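Take a look at the structure set out below.
The values are calculated or read from the model by the stated rules, or taken from the named source; none is laboratory data. Just so we're clear, the structure is a prediction, and the values are computed from it rather than from any experiment. Neighbour counts are summed over all protein chains in view; Cβ atoms, including those assigned to glycine, are modelled from backbone coordinates with ideal geometry. Each accessible area value is taken on the protein alone, full model and side chains, heavy atoms only, with ligands, DNA and RNA left out. Shrake-Rupley method; radii C 1.70, N 1.55, O 1.52, S 1.80 Å.
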Amino acid sequence: MVRIPDAKVALSTASVYPESTATAFEIAARLGYDGVEVMVWTDPVSQDIEALRRLSDYHRVPILAIHAPCLLITQRVWSTDPWVKLQRARAAAEKLGASTVVVHPPFRWQRQYARDFVTGIWRMAEETDVRFAVENMYPWRYRDREMLAYAPEWDVTKDDYRHFTIDLSHTATARTDATAMIDRMGDRLGHVHLADGNGSSKDEHLVPGRGTQPCAELLERLARSGFDGHVVIEVNTRRAMSSAEREADLAEALAFTRLHLASALRVPRS
């Protein structure tokens, strides 16, 4: 007998790129994901609350999290002011019933934003029931050179936040000990981006189980601890040769996740 934990498994809409946000909802419904995390980016649908609501209702797939537009390619999405972006992400989460906003630490050249980021995130977190879960990042590397692109830190555990997102592709790229980082996050770990990596200088976002990160161990630990956040599959399927191959990767990732969440909670037969 197996007792299934309460943690929901969601599909990041980024996992279907270069296909659309709408396609992510279709695939999540077809494969049986518990919901989606919407990556707000250049796809107009990802920025449109009513369009997202219609997709969620049509496919009967809840929106569990909003990923604020923090990437280089989204610097003009939802304003050029990073605080406005976070305010709009919070409003979207509240209107769509999502429990979490995922946010990256600032880029170092966003000096004023970086200076006020820790206190600003606390202030915003105190104004809503939505979790602002700050995500671990990594140093940028080119050949043998390393650039610290994020401030105050790419290792977000060095600062004081109410909630964290752990991303295991990012721990691989940072070449840091994922288990030690999870230990530092402790009960402030509120959200998971599940992917794998081999320590490349590129952020790989492999299907869980195809790299060196402790994906299975993390899932089993979450199950044993009664984790009440969401586990989001955020993998790179850009090299898929067809829609069928992309969908097979996302099905494998879902099966891996559910298997290891359940394996920690096996109930012995009496």
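Structural remarks
Conditions (1) aliphatic (A, V, I, L, M); (2) crowded, with 17+ Cβ neighbours inside 10 Å; (3) over 21 Å from residue 37 (Cβ atoms), marked per residue:
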{"residue": "220", "(1), (2), (3)": "no, yes, yes"}
{"residue": "224", "(1), (2), (3)": "no, no, yes"}
{"residue": "239", "(1), (2), (3)": "no, no, yes"}
{"residue": "244", "(1), (2), (3)": "yes, no, yes"}
{"residue": "257", "(1), (2), (3)": "no, yes, no"}
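- Verdict on residue 60 being open to solvent by 10 Å² or more (accessible area, probe 1.4 Å), basic (Lys, Arg), at pLDDT 95 or above and closer than 20 Å to residue 247 by Cβ: yes
- Among the residues making up the stretch 198-231, a single one is under 25 Å from residue 131 (Cα atoms) and β-branched (Val, Ile, Thr): 231.
- Filtering 65, 93 for residues that are open to solvent by less than 70 Å² (accessible area, probe 1.4 Å), of a type outside the set (Asp, Glu), within 15 Å of residue 121 (Cβ to Cβ) and under 20 Å from the mean Cα position of the chain (by Cα) leaves a single hit, 93.
- Pairs, first free of Cβ contacts under 8 Å to residues at least 12 places away in the same chain and within 11 Å of residue 22 (Cα to Cα) in the stretch 32-57, second among the β-branched types (Val, Ile, Thr) and open to solvent by less than 50 Å² (accessible area, probe 1.4 Å), C-beta under 7 Å, six or more apart: 51/45
- Taking the criterion of being in contact with a helix residue (DSSP H, G or I) (Cβ under 7 Å, 6 or more places away or on another chain) and surrounded by 17 or more Cβ atoms within 10 Å (Cβ to Cβ), the residues of the stretch 140-154 that qualify are 151, 154.
- When the test is whether a residue is closer than 27 Å to residue 27 by Cβ and modelled with pLDDT of 95 or more, residue 97 passes it.
- The residues in the stretch 115-139 that are touching a residue at least 40 places away in the same chain (Cβ under 8 Å), open to solvent by 30 Å² or more (accessible area, probe 1.4 Å) and over 25 Å from residue 175 (Cα atoms) can be counted, and the count is 2.
- Cβ-Cβ contacts under 6 Å between residues 6 or more apart (or on different chains), taken from a first residue in the stretch 100-114 that is farther than 25 Å from residue 10 by Cα and open to solvent by 10 Å² or more (accessible area, probe 1.4 Å) to a second residue that is part of a helix (DSSP H, G or I) and not small (Gly, Ala, Ser), are listed as 113/82.
- Near pairs, Cβ below 8 angstrom, 6+ apart or cross-chain, from the stretch 160-180 (closer than 17 Å to residue 222 by Cβ and without any contact (Cβ under 8 Å) to a residue 60 or more places away in the chain) to any residue that is among the hydroxyl-bearing types (Ser, Thr, Tyr) and surrounded by fewer than 22 Cβ atoms within 10 Å (Cβ to Cβ): 164/157
- Failed criterion for residue 53 (all others in (1) open to solvent by 60 Å² or more (accessible area, probe 1.4 Å); (2) within 25 Å of residue 185 (Cα to Cα); (3) in contact with a Leu (Cβ under 8 Å, 6 or more places away or on another chain) hold): (2)
- Given (1) more than 15 Å from the chain's Cα centre (by Cα); (2) acidic (Asp, Glu); (3) open to solvent by less than 50 Å² (accessible area, probe 1.4 Å), number of the condition residue 167 does not satisfy: (1)
- Any pair with Cβ under 7 angstrom, 6 or more apart, that starts in the stretch 76-93 at a residue that is closer than 14 Å to residue 49 by Cα and ends at one that is open to solvent by less than 50 Å² (accessible area, probe 1.4 Å) and charged (D, E, K, R): 78/85
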